[in-house]
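Everything below concerns the one structure shown next.
No value in this document is a laboratory result; all are computed from the given coordinates. All of these numbers come straight from a predicted model, not from anything done at the bench. Here the Cβ positions follow ideal geometry from the backbone for every residue, glycine too, while neighbour counts run over all protein chains shown.
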Amino acid sequence: MKNISFLVLLFFLFCACPVHAATQHELSSFSTPLVSKNSNRLTNIRLAARKIDGFILQPNKIFSFNKIVGPRTAGNGYKLADIFSDGKVVKGIGGGICQISSTIYQSALSAKLKIIEVHRHSRSVKYIGRGQDATVSWGTYDLKFQNTKNDPIMLKTYISNSSVTVKVFQLIEDKEEPVNIYINNQVVKGYIINGITYAPCKIFHGYNGLSVAWDEKTQSITVKNQDNVTLKILVGKNLLEKNGISAQLPGGVKYKDRKMMVSIRPILELFKIKPTWQSGEHSLCFK
């Protein structure tokens, strides 16, 4: 059974998709209440939110709501819901998505991004104060802003039962350098990223009696010694459990060279491992 667990761990570590190493720094967050629970309106909001969620805007580039979300048509899944037309409330395809554009607008303002284009509704809306809204309409009114940061930014949308939230993150590229790790008669490539040494956990399997196992159900890695002293790394939650006590995983999880890597410091500290640093070779040696 242990061999199967270790094979699953190897598969996970080597087959994980690579992700560009960057630290997400939250610039802003803005929420508006879902005052209407009309199902068509909620469908429209969720459709637009999915288009926006995870969108990355490079430095100096301009965000266009209409370009990213695209036409609001029945063919694209949008439903009839309340819209404003000539100051009156009527039914229109895509009604409700202005709550997403308005929430994005306020989050962009809070992030101190340059607003290029914004338009107000013809009358007040219930989910945000007058003058804080941003109406959009395909082919006419758009919401545009420019990324004035030196790094890419990413927009994330969150829809709950009671609110719409938009966060803006600055993606700061990690400062990294490769390091050779000598352990168990092999050389493993690790990385020093923002001052933290990362390596695949599997390198410790068999070292000084340690065992390493991957649990698919809990999405966790367990490192254990012969005295049953245990360290569990909860990958999805970026948490550590040291003999039942939870703590934040320093530096989180990184994906490099198609391998999942974590900070090796908690392993070194818990199991009292002291590698030798060889600056000339830029390497760590485990005897």
Mind telling me which of Asn76, Asn185, Asn194 comes out most flexible in a GNM of the chain, alpha-carbon contacts under 10 Å? Asn185
Name the shape class, rounded, prolate or oblate, that the alpha-carbon gyration tensor gives for segment 66-110, where a ≥ b ≥ c are the square roots of its eigenvalues, rounded holds for a/c under 1.5, and otherwise prolate holds if a/b is larger than b/c and oblate otherwise. oblate
HN-Hα J couplings of segment 152-168 from phi, Karplus 6.51/-1.76/1.60, θ = phi - 60°, integer Hz, Gly and Pro as x? x, 10, 10, 9, 10, 10, 9, 10, 10, 6, 10, 7, 10, 10, 10, 10, 10
Which lysines, on any chain, are close to Lys256 with Cα under 22 Å apart, when same-chain ones fewer than 8 places away are left out? Lys175, Lys189, Lys202, Lys232, Lys237
Could you tally the net charge around His25, taking each other residue with its Cβ under 15 Å from the Cβ of His25, Lys/Arg +1 and Asp/Glu -1? +1
Which value at 222 nm does the chain reach when only helices count, each DSSP H run of 4 or more adding -39,500 (n - 2.57), with the total divided by all residues and rounded to the nearest 500 deg cm²/dmol? -5500 deg cm²/dmol
Using +1 at the C-beta of Lys and Arg and -1 at the C-beta of Asp and Glu, which of Val118, Ile97, Pro250 has the Cα lying farthest in the positive direction of the dipole of the chain? Ile97
I'd like the Karplus ³J(HN,Hα) series for segment 110-124: coefficients 6.51, -1.76, 1.60, θ = phi - 60°, whole numbers in Hz, and an x wherever there's a Gly or Pro. 5, 7, 6, 8, 7, 7, 9, 8, 8, 9, 9, 5, 6, 8, 5
Low-density loop cleavage sites - GluC sites (Glu not before Pro) in segment 162-245, where at most 15 other Cβ are within 10 Å (DSSP): Glu216
Would you mind classifying segment 140-215 by shape? Square roots of the alpha carbon gyration tensor eigenvalues, ordered a ≥ b ≥ c; an a/c under 1.5 is rounded, otherwise it is prolate if a/b is larger than b/c and oblate if not. oblate
Helix 39-52: inclination vs the chain longest Cα principal axis, degrees, rounded to 10, gives 50
Run down the aspartates and glutamates and flag those whose C-alpha is under 20 Å from the C-alpha of Lys144, throwing out any fewer than 8 positions away in its chain. Asp53, Glu117, Asp133
Rounded, prolate or oblate: pick one for segment 158-287, where a ≥ b ≥ c are the square roots of the eigenvalues of its C-alpha gyration tensor, a/c under 1.5 means rounded, and failing that, prolate if a/b is larger than b/c, else oblate. oblate
Tell me which label goes with the value of Cα Rg over 2.2 N^0.38 Å computed from the coordinates here: [x] 1.16; [y] 1.01; [z] 1.30. [z]
When the chain is treated as a GNM, springs tying every alpha-carbon pair under 10 Å, which of Asp257, Asp86, Asp142 comes out with the largest mean-square fluctuation? Asp86
State to the nearest 20 debye the size of the charge dipole of the chain about its Cα centre, where the only charges are +1 on K and R beta carbons and -1 on D and E beta carbons. 700
Which ³J(HN,Hα) values, rounded to whole Hz and listed in residue order, are derived for segment 263-277 from phi using the Karplus coefficients 6.51, -1.76 and 1.60 in 6.51 cos²θ - 1.76 cosθ + 1.60 with θ = phi - 60°, glycine and proline given as x? 5, 7, 4, x, 5, 4, 5, 5, 9, 6, 9, 10, x, 9, 8
